[in-house]
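The values are calculated or read from the model by the stated rules, or taken from the named source; none is laboratory data. Please read these numbers as outputs of a predicted model, since none were measured by experiment. Cβ atoms come from the backbone with ideal geometry, glycine included; neighbour counts cover every protein chain shown.
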Amino acid sequence: MWYFSLLFLAVTVDRSHALLLKGSIRQSNDTNIRSINANGTLASVASQYITNITVNGHNLRLLLDTGSSDIFIVSPSKLAFNNTGINITNSYGTGKVTGTIGFASMQIGNSTVNNQAFNNATSVQTSEKLGPGVDGLIGVSFDGLSTSPIMATLSESDQDPALGEPFLYNIFDQTPEQNNLIGISLSRTDDLEGSADASFTINEIDEAYAEVVKAPLLPLFPGNNKRWSIMVDGISVDGVNISLPTSAVSGAPDGKIVTVLDTGNPTGILPEQIVNDIYSRIPGAQSRVLADQPPNSWTVPCNTTTVVTVYFGGQPFPIHPLDLSEVGIEGGVVTCIGTFFAAPTSSGFDGIFGANVMRNFYSVLHFGDAISRSPTGNASMQLLSQTDATAAVADVPNVRMPRISALRNTTSSTNSEGKILTGALGIGHPASPADSPDPGISSGMGALALDGRSHYIPRFRYLRRRHGEMDSG
């Protein structure tokens, strides 16, 4: 899902080889493991994960979103394509994108679809504009009239809805003898600029994470909500288990909750009881009312080494301490703001684990064999932990604190106040004057000139209510 109000923003980073995609031809019922090359790239711009895509000969950059299915593109003026003139609206967590249904040839890596349907966006009504150099979004969730507004709109217009099948499913249809899966690894930027490159693969697994084939298959739960949702067995803070509330999902066992994995959200969204229980156990953390943030936000000491562990299928998945907060600007000082937020639960799931959690494991999402009926009974996922708790603790003083110190020193050289704040807010400094925002369809993304370049500071995205409940799309 895509959350406009706090989703993909932060320090712009040049990672031209950050996220690589490669399609493959492989034998039926065989998991293909290959090294990844530069046939396609998905670059990481802080918490944004962006794939390069060729549309009728034009190179564009689209956000990758496991919480939606369609493509929307803010089309360049020189892009020629088949415009049907059929009006289309794609709704997301905190906004909507309206336009007309278009068709064009699209290629990512070695994967090509000659007549791919997309939303030719003429209005992006969201709380934030698209990031600089971002031309739209590509969804890689399930297909069907209930998940693809393009397919539904074509059906309502007396057209064949199959013409609007999502890009991923068009690729699957080209090799029906294969299993249908994608592999995703999300790199960590900002704090760990030298971290391992991320990857995104279709129908094959990055050999760097080959051990994932030994991981247990985790079935989707409840399995009928057309989302990548699974059960969470437990959550611990520095080895101490916290109590999980009763799940809002029918049939969920006592003591477990159901969460959606979503690359389109950089933060985690959980029931308020869990959010409060996590952060109240972090020494120095405070529940605060912050500008431009959800009402129940937490600030965390920037040097916290607390490790939160999530359990799937009985297996532990530590979350790096750096992923428990993001560096932002609050009241004119650098502030480490918690990346888990509370929101009302949904009947289909209890929470969402966004990039802040997904960066800590490699994910293989199996769509199942019968893609025309998605999600199928055998849709599942495999996860491979990528965070060593001991090494992660050492990263905090070695990585984040020098980064904040450098940021403070740079700002102090241009700001006469040069004030440093410590304590619950960690280490801070007065904000430098904001740059003029880049041109965009809608506004809301703050840019700060701290060293002569534009740095985008995240206004953390959180779930807003739509139709009376938490919505993942």
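Taken over the stretch 75-94, the criterion of being small (Gly, Ala, Ser), at pLDDT 90 or above and not in a loop (DSSP other than H, G, I, E, B) is satisfied by Gly85 alone.
Show the residue pairs that are 6+ apart or on different chains and have beta-carbon atoms under 7 Å apart, the first residue being within the stretch 49-61 and touching a residue at least 40 places away in the same chain (Cβ under 8 Å) and surrounded by 24 or more Cβ atoms within 10 Å (Cβ to Cβ), the second being hydroxyl-bearing (Ser, Thr, Tyr) and not in a strand (DSSP E or B). Between residues of the stretch 49-61 that are touching a residue at least 40 places away in the same chain (Cβ under 8 Å) and surrounded by 24 or more Cβ atoms within 10 Å (Cβ to Cβ) and residues that are hydroxyl-bearing (Ser, Thr, Tyr) and not in a strand (DSSP E or B), the close pairs are Tyr49/Thr263.
Within the stretch 210-241, being of a type in the set (A, V, I, L, M, F, W, C), surrounded by fewer than 17 Cβ atoms within 10 Å (Cβ to Cβ) and part of a loop (DSSP other than H, G, I, E, B) holds for one residue alone: Leu217. Evaluated against (1) more than 17 Å from the chain's Cα centre (by Cα); (2) under 30 Å from Ala343 (Cβ atoms), Ile108 falls short on exactly one condition, (2).
Out of Ala343, Ala285, which single residue is surrounded by 21 or more Cβ atoms within 10 Å (Cβ to Cβ), modelled with pLDDT of 90 or more and of a type in the set (Gly, Ala, Ser)? Going through Ala343, Ala285 in turn, just one is surrounded by 21 or more Cβ atoms within 10 Å (Cβ to Cβ), modelled with pLDDT of 90 or more and of a type in the set (Gly, Ala, Ser): Ala285. Within the stretch 80-95, residues that are within 17 Å of Ser146 (Cα to Cα) and surrounded by 18 or more Cβ atoms within 10 Å (Cβ to Cβ) have Cβ atoms under 6 Å from residues that are β-branched (Val, Ile, Thr) and at pLDDT below 90 in no pair, counting only partners at least 6 apart in sequence or on another chain.
Does at least one position in the stretch 232-240 carry a residue that is free of Cβ contacts under 8 Å to residues at least 60 places away in the same chain and under 27 Å from Val399 (Cβ atoms)? Taking every residue of the stretch 232-240 in turn, at least one turns out to be free of Cβ contacts under 8 Å to residues at least 60 places away in the same chain and under 27 Å from Val399 (Cβ atoms). Does Ile319 satisfy being crowded, with 18+ Cβ neighbours inside 10 Å, of a type in the set (A, V, I, L, M, F, W, C) and more than 26 Å from Asn378 (Cβ to Cβ)? Against the criterion (crowded, with 18+ Cβ neighbours inside 10 Å, of a type in the set (A, V, I, L, M, F, W, C) and more than 26 Å from Asn378 (Cβ to Cβ)), Ile319 qualifies.
Is it true that Thr54 is at pLDDT 90 or above, part of a strand (DSSP E or B), of a type in the set (Ser, Thr, Tyr) and within 28 Å of Ser363 (Cβ to Cβ)? In short, yes.
Residues considered: Asp191, Asp206. Of these, the only one that is farther than 30 Å from Lys96 by Cα and either in contact with an Asp or Glu (Cβ under 6 Å, 6 or more places away or on another chain) or modelled with pLDDT under 75 (or both) is Asp191. On the given criteria, is Asp143 charged (D, E, K, R), in contact with a helix residue (DSSP H, G or I) (Cβ under 7 Å, 6 or more places away or on another chain), under 19 Å from Gly264 (Cβ atoms) and touching a residue at least 24 places away in the same chain (Cβ under 8 Å)? Yes; evaluated as a whole, the condition is true for this residue.
For Thr306, state whether it is over 28 Å from Leu181 (Cβ atoms), part of a loop (DSSP other than H, G, I, E, B), among the polar types (S, T, N, Q) and at pLDDT 75 or above. Spelling it out, Thr306 is indeed over 28 Å from Leu181 (Cβ atoms), part of a loop (DSSP other than H, G, I, E, B), among the polar types (S, T, N, Q) and at pLDDT 75 or above. Consider the stretch 63-74 and keep the residues that are in a loop (DSSP other than H, G, I, E, B) and not charged (D, E, K, R). The one that is surrounded by the fewest Cβ atoms within 10 Å (Cβ to Cβ) is Val74. Does the stretch 196-206 include one or more residues that are over 21 Å from the mean Cα position of the chain (by Cα) and in contact (Cβ under 8 Å) with a residue 24 or more places away in the chain? There is no residue in the stretch 196-206 that is over 21 Å from the mean Cα position of the chain (by Cα) and in contact (Cβ under 8 Å) with a residue 24 or more places away in the chain.
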